[in-house]
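Right, one structure below, let's go through it.
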Amino acid sequence: MQRRYNIVDRRLAETQDSNGLLTIYINPDEAEKKYLIETLKLDEHTLQSALDPDELSRLEFEPEHIALIFKRPKSYSHEDEFLFRVASTGAFLFKDRLILIISEDVPLTDSNQIIRISTPGFLLLKLLNRSIAHFLAHLKVISAISDSLQDKINTAMENKSLINLFTLEKSLIYYLNSLNSNSMVLEKMKVNSGKIGFGTEELEFLDDTIIDSSQCYKQAEIYSNILASLMDARASIVSNNLNVLIKILNIITIAIMVPTFVVSAFSMNVGLPFQNHPLAFYIVMGLAVVSVLSFLMVWRRKKW
């Protein structure tokens, strides 16, 4: 599947022109892979790397183009169960166009945001910057989910919310690795800006993107450290809530057993005090109530 874009008034717009500025291949089939490898001279290993979610970001210089693998957040779905994943994107920069390889159909471009484009290199920087913005948006969602789970853990007596919190922490580890990998590629692009062909405008935007990437990494690192440092405390909260519940159940059980013992004692089929008394029933019930009150007084005095 392909999508083509071109520049209209320095704004990205979808087109059917095969010679457009940007062509996106979404999970390319064998025929498309053959065209990319044989006609456009893309390296087969790099092409496969663009579809591998575990591939690290990297920058390579080929005779006719520049190959870039960078990380981006994967679209979240309910089936992921609080696990935010990352995906790889392959960008192949030619002199007159940019080729993107992605594994799933996601809105990498937005004509309302990706504007003021004059060169394919500038478009590549815009896409990298948009990826960082996507990471930041996901971090805000993770933070909101984390706060919600913390409120549930404060009253929870099961491990479900705690496990979900562990999953969020795992997601942040993925994000930290991806952001760090992207930052290294951005720095390499800055060092090789002359070789890539960046002008003054592109270099200024690249510097801004490097700053945004660094801030995004720091924010993800803070969230990860907070979750990790408080995880033991949250586990203790769940354990303490369960202990409190067991304590309450034990108190209720003992409170029921005490009057039951009194009533059972006067239910034996032998000669008993008060058995011929006209108020025997009320006397036994009164003794049961007194036994409960005595137990409650001892419980409060001992501060159990």
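Only residues that are within 30 Å of residue 62 (Cβ to Cβ) and surrounded by 19 or more Cβ atoms within 10 Å (Cβ to Cβ): list them for the range 213-233, please. Once the filter is applied, which keeps residues that are within 30 Å of residue 62 (Cβ to Cβ) and surrounded by 19 or more Cβ atoms within 10 Å (Cβ to Cβ), the range 213-233 yields 213, 216, 217.
Listed here are the residues, each with its yes/no results for (1) polar (S, T, N, Q); (2) at pLDDT 80 or above; (3) farther than 30 Å from residue 67 by Cα.
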position: 189; (1), (2), (3): no, yes, no
position: 193; (1), (2), (3): yes, yes, no
position: 207; (1), (2), (3): no, yes, no
position: 212; (1), (2), (3): no, yes, no
position: 218; (1), (2), (3): no, yes, no
position: 226; (1), (2), (3): no, yes, yes
position: 232; (1), (2), (3): no, no, yes
position: 237; (1), (2), (3): no, no, yes
position: 264; (1), (2), (3): yes, no, yes
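Evaluate the following for residue 131: is it more than 19 Å from residue 228 (Cβ to Cβ), modelled with pLDDT of 80 or more, assigned by TED's automatic domain parsing to the domain that holds residue 184 and among the hydroxyl-bearing types (Ser, Thr, Tyr)? Yes, satisfied. Just to be sure I understand the filter: pairs with C-beta atoms under 6 Å, separated by 6 or more residues or on different chains, first member in the range 179-207 and assigned by TED's automatic domain parsing to the domain that holds residue 220 and free of Cβ contacts under 8 Å to residues at least 24 places away in the same chain, second member assigned to a helix (DSSP H, G or I) and of a type in the set (A, V, I, L, M, F, W, C). Which pairs pass? Pairs found: 190/206; 193/203.
On the basis of being aliphatic (A, V, I, L, M), crowded, with 19+ Cβ neighbours inside 10 Å and either more than 19 Å from residue 74 (Cα to Cα) or under 13 Å from the mean Cα position of the chain (by Cα) (or both), does residue 176 make the cut?
Values: aliphatic (A, V, I, L, M): yes; crowded, with 19+ Cβ neighbours inside 10 Å: no; either more than 19 Å from residue 74 (Cα to Cα) or under 13 Å from the mean Cα position of the chain (by Cα) (or both): yes.
Spelling it out, it is not the case that residue 176 is aliphatic (A, V, I, L, M), crowded, with 19+ Cβ neighbours inside 10 Å and either more than 19 Å from residue 74 (Cα to Cα) or under 13 Å from the mean Cα position of the chain (by Cα) (or both).
A single entry from 43, 80 fulfils the requirement of being under 18 Å from residue 134 (Cα atoms) and among the acidic types (Asp, Glu): 80. Consider the range 25-67 and keep the residues that are assigned to a helix (DSSP H, G or I) and β-branched (Val, Ile, Thr). The one that is nearest to the chain's Cα centre (by Cα) is 46. The conditions of being of a type in the set (Gly, Ala, Ser), in the same structural domain as residue 56 (by TED's automatic domain parsing), touching a residue at least 12 places away in the same chain (Cβ under 8 Å) and closer than 30 Å to residue 236 by Cα are met by residue 171.
The values are calculated or read from the model by the stated rules, or taken from the named source; none is laboratory data. Small disclaimer: the values here were computed from a predicted structure and weren't measured. Glycine gets a Cβ as well: all are built from the backbone with ideal geometry, and neighbour counts include every protein chain shown.
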